[in-house]
Amino acid sequence: MAQLDINFRRLTPADEPFLWDMLYLAVYVPEGSPLPPRDIIHNPDLARYVDGWGRPGDDGFAALDGDKPIGAVWIRLLNGKNKGYGYVDDETPELSIAVLPEYRGMGIGRTLMRHILESTLPKYWGISLSVSRENPAVQLYESCGFKTVADDPTTLIMAVRG
Ligand SMILES: CC(C)(COP(=O)(O)OP(=O)(O)OC[C@H]1O[C@@H](n2cnc3c(N)ncnc32)[C@H](O)[C@@H]1OP(=O)(O)O)[C@@H](O)C(=O)NCCC(=O)NCCS
């Protein structure tokens, strides 16, 4: 197989359609379970992570194979009446991440995490996220310094301090 040449760049408002695709991939489905319908992402609890992408405070990175976006990590402040699943406090943005299935396990997710944490963490008290306990992404987050700050039987809220 030809050597992959993956590049990374900052997200722009023009990336919103791709972020909807990434949001769908970020919805955790236990192995062997059927995929949810695509329009699940328009449920307001999920749509708030992407809708109107590019507003002040939104930030993130895309991974690209040539010109083709193949993964993204992004943060958004979700507070007040717009709290997300990973809400910690009004000053802590929430992180989302996904990589296309055929590009997983090659270090792209870890590199995306490094980009976003190096560039945005100094600006915030911290960054948080919500993740299913069973999702192997938990190991990635732990190795990036995230710690569990709240939990329930199925889900963890994790945060890393700035
Ligand atoms: C989570 C995700 C973004 C990781 O991206 P990736 O490019 O595959 O990650 P990397 O190759 O950089 O691996 C980083 C770490 O992820 C963990 N990991 C992620 N998925 C894994 C899996 N299916 N099995 C085992 N480990 C996994 C490992 O700890 C790995 O560490 P290692 O490099 O020491 O083995 C990707 O698996 C994905 O898109 N998953 C679906 C979307 C999702 O669940 N997003 C998170 C929602 S909270």
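For this structure, a couple of remarks:
- Members of the stretch 1-38 that are at pLDDT 95 or above, under 15 Å from A62 (Cα atoms) and not in a helix (DSSP H, G or I): I6, N7, F8, R9, R10, L11, T12
- When the stretch 69-87 is filtered for residues that are within 15 Å of the ligand (Cβ to nearest atom) and farther than 14 Å from W53 by Cα, the ones remaining, listed by number, are P69, I70, G71, G84, Y85, G86, Y87.
- Taken over the stretch 96-128, the criterion of being near the ligand (Cβ under 6 Å from one of its atoms) and not small (G, A, S) is satisfied by I97, V99, R104, M106, I108, R110.
- The number of residues in the stretch 27-41 that are farther than 17 Å from E134 by Cα and loosely packed, with under 10 Cβ neighbours inside 10 Å comes to 2.
- Entry remark, the stretch 1-40: residues being aliphatic (A, V, I, L, M) and over 14 Å from the mean Cα position of the chain (by Cα) number 8 in total.
- Residues located in the stretch 48-70, provided they are in contact (Cβ under 8 Å) with a residue 12 or more places away in the chain and either of a type in the set (D, E) or assigned to a helix (DSSP H, G or I) (or both): D58, D59, D65
- Filtered by the rule that a residue be surrounded by 20 or more Cβ atoms within 10 Å (Cβ to Cβ) and in contact (Cβ under 8 Å) with a residue 60 or more places away in the chain, the stretch 121-136 gives a lone residue, V131.
The values are calculated or read from the model by the stated rules, or taken from the named source; none is laboratory data. None of these values were measured; they are calculated from a predicted model. As a convention, Cβ positions derive from the backbone with ideal geometry for all residues, glycine included, and neighbour counts pool all protein chains shown.
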